[in-house]
Amino acid sequence: MLRGGGEAYISNSKITVTAPDALDVAGIVSDGEVVAINSEIVAKSNYTANAEKTNYATCSRGIVNTGILTLKDCYVAGTHSGMRAGGTEYIDGGILEGYGHGGIYFMGEGRTSYVKNATIRQMAMFDGYIDDGIAGTNQSGMYIGGANNITVYMDNCEFSGNYYPLVMKKSCSGNKLYISNSNINLNCQKYIRLDTDANKLYIGVGNNFNIVEHCAIESAAELTDEDYLFKFPVFRV
């Protein structure tokens, strides 16, 4: 855990946290600045809720970030999601996966994040842990939502989820995802989920999907001729 704007550098390390009784755990919680290279960060717990579905007993994530996070070739996983991305994230390479909400849940109000060369997906439940069937899962590779004016640039990424490869959620506005040279698992049961045209998916060059066939709300997606990789800042690792 990193608080008060501190700094941490993690290299060739393995962080695993577990909560068999379905408490919430996280491998890294930071509002400062973290750099992780060639490392594994995992949070495991059961996936349960009360009968009314109003109180989820686990929100375990490999990483919870509200600061500045740089990942290079890391494996990040968690029962709820691999990462709750609430700050600014620079991700190059690696695998991010989660059981409930997929590999990354972007929810940083007014923040911008950058991801390239990464695999982002929903995973099966960890061995030895349970889903009680009450909580249910959103079954998506990645989420953007829960806050407004989020901007995410992605290039050369792979997405997969049981139902949705990625979701841009309603009840928020001004969120933008720019994506190029990326592959969506088109064997997912449902489309890319765009809940409202108050948010926008910008589809750049080199992707294996299009608006009409693969987006739930066509008006919330826009084709461009951009390769967003060239818009990325220089990575610091």
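A convex hull fitted to the Cα coordinates of segment 114-237 yields 127 cubic angstrom per residue.
Measuring between alpha carbons in the structure, the pairs from LYS176/LYS231; LYS72/LYS190; LYS72/LYS170; LYS44/LYS116 lying more than 22 angstrom apart are LYS72/LYS190; LYS72/LYS170; LYS44/LYS116. Only the Cβ atoms of Lys and Arg (+1) and of Asp and Glu (-1) were treated as charged; on that basis the dipole of the chain about its Cα centre amounts to roughly 220 debye.
Here the chain exposes an accessible surface that is 45 percent carbon and sulfur, computed with a 1.4 Å probe and the other protein chains kept in place. The Cβ shell under 11 Å around ASN149 holds other residues with a net charge of +1, Lys and Arg each +1, Asp and Glu each -1.
Helical content alone sets the calculated 222 nm signal of the chain at 0 deg cm²/dmol, taking -39,500 (n - 2.57) per DSSP H segment of four or more residues and averaging over every residue. Rolling a 1.4 Å probe over the heavy atoms of the protein chains gives the chain an accessible area of 42 Å² per residue. Rg and Dmax of segment 121-182, based on Cα coordinates, read 13.9, 40 Å. If you take all other residues with their beta carbon under 14 Å from the beta carbon of ILE217, and give Lys and Arg +1 and Asp and Glu -1, the sum is 0. Here is the tail figure for segment 1-110: Cα pairs spaced more than 17 Å apart come to 49 percent of all pairs. Farthest towards the positive end of the charge dipole of the chain, among the residues ILE104, ILE217, VAL17, is the Cα of VAL17, using unit charges on the Cβ of Lys, Arg, Asp and Glu. What is the log10 of I(q)/I(0) for the chain, computed with the Debye formula using one identical point scatterer on each Cα and no solvent, at q = 0.14, 0.16, 0.17 Å⁻¹? So the normalised log intensities are -0.84, -1.10, -1.24. When the convex hull of its Cα atoms is viewed from all sides, segment 58-158 shows a mean projected area of 5.9 nm². For segment 94-190, what relative contact order do you get, as a whole percent, if you take Cα pairs closer than 8 Å and at least 6 residues apart? Answer for segment 94-190 is 30 percent. The residue list SER45, LEU194, MET154 was ranked by how far each Cα lies along the charge dipole of the chain toward its positive end, using unit charges on Cβ atoms, and SER45 comes out on top.
A simple rule links phi to the HN-Hα coupling: the Karplus curve 6.51 cos²θ - 1.76 cosθ + 1.60 with θ = phi - 60°, which for segment 191-197 gives 6, 4, 9, 10, 6, 7, 7 Hz, with x for Gly and Pro.
Close amide H partners of ASN199, meaning residues 5 or more places away or on another chain with modelled amide H under 5 Å apart, are GLY174. If you take all other residues with their beta carbon under 13 Å from the beta carbon of TYR164, and give Lys and Arg +1 and Asp and Glu -1, the sum is +3. About the centre of its Cα atoms, segment 1-141 shows a dipole size close to 180 debye [charges on the beta carbon of Lys, Arg (+1) and Asp, Glu (-1) only; nearest 20 debye].
The values are calculated or read from the model by the stated rules, or taken from the named source; none is laboratory data. Worth saying up front: this structure is predicted, and the values here are computed from it rather than measured. Virtual Cβ from ideal backbone geometry, glycine too; neighbours counted across all protein chains shown. To get the accessible areas, we keep the full protein, side chains included, count just its heavy atoms, and leave off ligands, DNA and RNA. Shrake-Rupley method; radii C 1.70, N 1.55, O 1.52, S 1.80 Å.
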